[in-house]
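Encoded as structure tokens, the structure appears first; notes follow it.
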Amino acid sequence: MLSELFLMATLGTEPDSLRYNGRMGELEVSPPKLVDPGINVDGLLDEQAWTTAAILGGFTQYVPVEGVEPSEATEIRVFYTDEAIYFGIRAYDSDPGEILARFGERDRVTYNDDWVRIILDTFDDRRQAYAFAINPLGLQSDGLIVEGGTSGFGGRSGWRWGRSGGGGGGGSFGGRVFQVDFNPDFIWDSEGIVDSEGWTGEIRIPYVSLRFREIPEQAWGIQVTREVKRTRFRQSWAPLTKDISSSLGQSGRLVGLQEIQPRRLIELNPVATGVRTGTNTTGAFLKNDPDGEFGFNTRIGVTQNMVLMAPTIPIFRKLKLTLARSQSMSGLHSFSLKRDPFSLTARKFSTHLNGLYTLGKSLTQ
């Protein structure tokens, strides 16, 4: 108990060399590399490793008014190991009883609550990045960001911080569109806890979920954003302004990431499909025998820029047949998103054609 009290007292008394104030332009962060940090991802920043982490502070509000100090302070701690990168969140709140946080489906609830989002540009090219967000209970939301993408609202005249095609996390912030595609789901750990000062969270992202160059020393782009849902005020670590068209171009950087290696991706997803048909020709519905198939989708990372994919039974093939049967019965147009791994990966190369569309009669006859 005494050791925990001492640890909590030391949080906030770290040397200035560990602190990086975004509002003051201190946007190049050198996080420490730790060996066996002993982190239990439970949402509590009570391990000794957090006292040696780099600290991102000095956030700046960008919604509704940009360039001012936010009413609620935020600090992000970061360090890395040979296996993963870790983030600790301290989101201060002057009225913790009004924090919005709920349990629910992944990617669906987070942006209706208070949230903090970590954005990692692992190739440091200011063109695409990973997004990892949690609400105060640690509920996850993740996806891919593509600079200058399409919001799904028919134009590029709004920098939209929302779900691809609309939805959670919306709201406009002038400038170029900022698209987040929430279809990919990555492997990472997170937890969050509400306390008397606001809420805290812990995030562990293993390198198997990230792609980056195989070089001795890495430099990644980084941005952190937060929303207090009851006020709809948003803030970012690296200041954001609508006067600059690029969103990722305004990020900070993690530098000096030493001797970390990308992990080879090997993924096997089993697939089972089934169908049962019947006829009604004599007044009684006669069912045929069930017809089913089993297969799998395989993804193997050959290099960081090449992934071998082998779908043995693509789900969208079965889906198309099912829709065709439904079409013949209803005479209506049908639309469905392709959710199999093969199609979700292909979306990165063709984001605006995201569904199966079957032509049908304009009116039911």
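Of all aspartates and glutamates in the structure, those lying under 13 Å Cα to Cα from residue 33, and not within fewer than 8 positions of it along the same chain, are 82, 83, 217, 259. Under a model in which nothing but the beta-carbon of Lys, Arg (+1) and Asp, Glu (-1) is charged, the stretch 68-126 shows a dipole of about 140 debye around its Cα centre.
Applying a DSSP loop filter and a limit of 15 other Cβ atoms within 10 Å to the GluC sites (Glu not before Pro) in the stretch 193-231 leaves 197, 214.
Loop-resident GluC sites (Glu not before Pro) (DSSP state other than H, G, I, E or B) in the stretch 21-123 with no more than 10 further Cβ atoms inside 10 Å of their Cβ: 105.
Approximating the spin labels as points 7 Å out from Cα along Cα→Cβ, the residue 185-to-residue 69 distance works out to 4.2 nm. Loop-resident trypsin sites (Lys or Arg not before Pro) (DSSP state other than H, G, I, E or B) in the stretch 216-286 with no more than 10 further Cβ atoms inside 10 Å of their Cβ: 232, 276. Residues whose amide H falls under 5 Å from that of residue 191, counting only those 5 or more places apart or on a different chain, are 43, 202, with hydrogens built in the peptide plane. Taking 0.36 nm per residue of sequence separation and removing the Cα-Cα distance, the residue 19/residue 232 pair yields an extension gain of 74.0 nm. Once backbone amide H atoms are built at 1.01 Å from N, residue 179 has 146, 148, 149 as its partners under 5 Å, excluding neighbours fewer than 5 places away on the same chain.
Quick note: the coordinates plus some simple rules give every number you see, no bench work behind them. What you see is a predicted model, and the numbers here were worked out from it, not measured in a lab. We place every Cβ from the backbone using ideal geometry, glycine too, and count neighbours over all the protein chains shown.
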